[in-house]
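Q: Structure in structure tokens, see below.
Each reported figure results from applying straightforward, stated rules to the coordinates on display, with no laboratory input. Remember, it's a predicted structure, so these values are computed and weren't measured experimentally. Every residue, glycine among them, receives a Cβ derived from its backbone with ideal geometry; neighbour counts consider all protein chains shown.
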Amino acid sequence: MEEYALLLFGVIFVLILSGYPVALVLGGVSTLFGLFFLGLDFFLLLPSRMMGVVSNYVLLAVPLFVFMGVALEKSGLAQRLLENMASLFGKTSGGLAISTLLVGTLLAASTGIVGATVITMGLISLPAMMQNNYDVKIATGTILSAGTLGQIIPPSIVLVLLGSQMNISVGDLFAGAIIPSVLLVTGYIIYILCRIKFTPRAMPPVLKENAENNRVKDLITSLFAPLMLIVLVLGTIFTGVASPTEAAGIGALGALVLAGFRGKLNKGMLQKVVHETAHVTSMVFFILLGATTFALVFRGMGGDRYLTELVVSNISSPALFLFIVMIVLFIAGFFIDFIEIIFIFVPVIAPVMVAYDFNMVWVAVLLALNLQTSFLTPPFGFALFYLRGVAPDSISTRQMYAGVIPFLIIQLIVLAIVAFCPGLILM
């Protein structure tokens, strides 16, 4: 029966790639296997597992962080911040690109959702870059690289879900992801500065007639509020004042306050925020309930024990196993979303990781970086599809692929640094 547990995993993976709804595949196929191999009485355990999921205090942070990000997006803070930064720094070559990267980083930290960040920056930044004769490859590459930072920059929904599935502290994950996030943003900025030096015509200055002093004041006011909110959320977590869920509640309330100060808080805006939050949250938890059924049946059939023994007896090197896992998840990231990967793959590989005595915080950060890299990689990266959906027809898909390659190389370098220097995130 243990061998059939691996067949269960294979069938589910194939059906998901075929386009069937993930939650239904996870729950339905697992139920059929469970009824055939374990019997009906085995499913008496399922209701308590389901209630454990929906009452999980850590997972309550997911809708709150989503609410915070959507509220900041709908309030127009990102657009105002980009306009002010572009006016202030745009007089120098590459100023608009640097502004886009910095605003994208802030937006990634506030939303934590790749699709929302890429689409927002594509609608705000891309037209401005094209109007100012920016090289298409640099423009699209900057937006895509900044947009995927939401996978790793705290407070990241990816890290919250990984922490829940791997039974590790979300606060420790947030702290561990800080240095990799700084390395990525620094690497991107260094690349843009190098391109400015050697090919300044690719990123010409943006001429603005507005008074710089006024723009400095506008920049400070537009930057200060969202930045202080993010610092408040992360600061309360790192200092132990609040749990990630409590901090997420602070962030959600703070986002509404900021929207109110900008005069954007009204019934229509609130309806949009609540609707989008409910949509994302219901999708996450629907998949999670299906994944709970899968995990229960997989373990009930002895799949976790069988896989652990199989791997440990045939792969003597823990590093080799980790490398194989990273390659498999990297490829899986081309075809299925990070939520599905976390709920399908992580419960299967986590027991093996524990058997090899890996530090799970380090592994979780590696997985988050790996998924971020996958989302950025041509030809199947999800971020590329998001930007393709809002980019004008004059920008070819090939140009987008070429533009993202330098940033992808930086991503792989940072991934290698974290892999070979785990002390960077375990300090």
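Q: If one computes the Cα centroid of segment 34-71 and of segment 288-334, what distance in Å separates the two points?
A: A separation of 20 Å, based on Cα centres.
Q: Sequence gap of 8 or more, or different chains, plus Cα separation below 26 Å: how many lysine pairs satisfy both in the chain?
A: So the count of such lysine pairs works out to 14.
Q: Continuing with this model, one more query. Using Cα pairs under 8 angstrom and six or more residues apart, how large is the relative contact order of segment 2-424, in percent?
A: On the way: 573 pairs, mean separation 119.9, N = 423.
It rounds to 28 percent for segment 2-424.
Q: Would you mind computing, in nm to one decimal, how far apart the modelled labels at Thr199 and Ser394 are, each placed 7 Å from Cα along Cα→Cβ?
A: Going by the 7 Å Cα→Cβ label model, 1.9 nm.
Q: About the Cα centre of the chain, what is the dipole size in debye to 20, counting +1 per Lys and Arg Cβ and -1 per Asp and Glu Cβ, all else neutral?
A: On the way: 19 positive and 18 negative charges, 273 e Å.
Here the chain has a charge dipole of around 1300 debye.
Q: Starting from the Cα-Cα distance between Leu24 and Lys267, subtract it from 0.36 nm times their residue separation and give me the gain in nm to one decimal.
A: Fully extending the segment from Leu24 to Lys267 adds 84.0 nm.
Q: Scanning the chain for helices, which whole DSSP H stretches are 15 Å or more long along the axis (Cα) and average 1.6 or more by Kyte-Doolittle? Write down the numbers at each step before the final one.
A: On the way: long enough: 2-17 (24 Å, 2.19); 22-37 (22 Å, 2.21); 61-74 (20 Å, 1.56); 77-89 (18 Å, 0.59); 95-111 (24 Å, 1.68); 114-131 (25 Å, 1.46); 136-147 (17 Å, 1.14); 170-198 (42 Å, 1.64); 212-238 (37 Å, 1.17); 244-261 (25 Å, 1.36); 267-300 (48 Å, 0.90); 303-314 (16 Å, -0.18); 318-332 (21 Å, 3.04); 338-355 (24 Å, 2.58); 360-376 (24 Å, 1.79); 397-420 (34 Å, 1.83).
Length and hydropathy pass: 2-17, 22-37, 95-111, 170-198, 318-332, 338-355, 360-376, 397-420.
Q: Label point 7 Å out from Ile409 along Cα-to-Cβ: which residues of segment 351-390 have amide N under 16 Å?
A: Counting backbone N atoms under 16 Å from the label point, the list is 377-378.
Q: Now for a separate question. For the chain, what does -39500 (n - 2.57) per DSSP helix run (n ≥ 4), summed and divided by total residues, give at 222 nm, in deg cm²/dmol to the nearest 500?
A: -26000 deg cm²/dmol
Q: Most fluctuating residue of Gly300, Gly122, Gly171 in a GNM of the chain with Cα springs under 10 Å: which is it?
A: Of the options given, Gly300 has the highest mean-square fluctuation.
Q: While we're on this one: Quickly work out the Glu309-to-Val354 label distance, labels modelled 7 Å from Cα along the C-beta direction, and quote it in nm with one decimal.
A: 1.7
Q: Find how much the distance from Asn167 to Ile190 grows on full extension, using 0.36 nm per residue of separation minus their present alpha carbon separation; answer in nm with one decimal. Can you show the working numbers first?
A: Numbers: separation 23, 0.36 × 23 = 8.28 nm, distance 3.64 nm.
Result: 4.6 nm gained on full extension.
Q: May I ask you to derive the FRET efficiency for Cys421 and Val328 from their Cβ-Cβ distance with R0 = 22 Å, giving the value to the nearest 0.05?
A: My answer for the efficiency is 0.40.
Q: To continue, here is another question. Given springs between every Cα pair under 10 Å in a Gaussian network model of the chain, which of Leu26, Leu412, Leu126 has the largest fluctuation?
A: Among Leu26, Leu412, Leu126, the largest mean-square fluctuation in the Gaussian network model of the chain belongs to Leu412.
Q: Continuing with the same structure: Would you look at the GNM of the chain, springs on alpha carbons closer than 10 Å, and say which of Ala108, Ala97, Ala242 moves the most?
A: Maximum fluctuation in the GNM of the chain, among the listed residues, is at Ala242.
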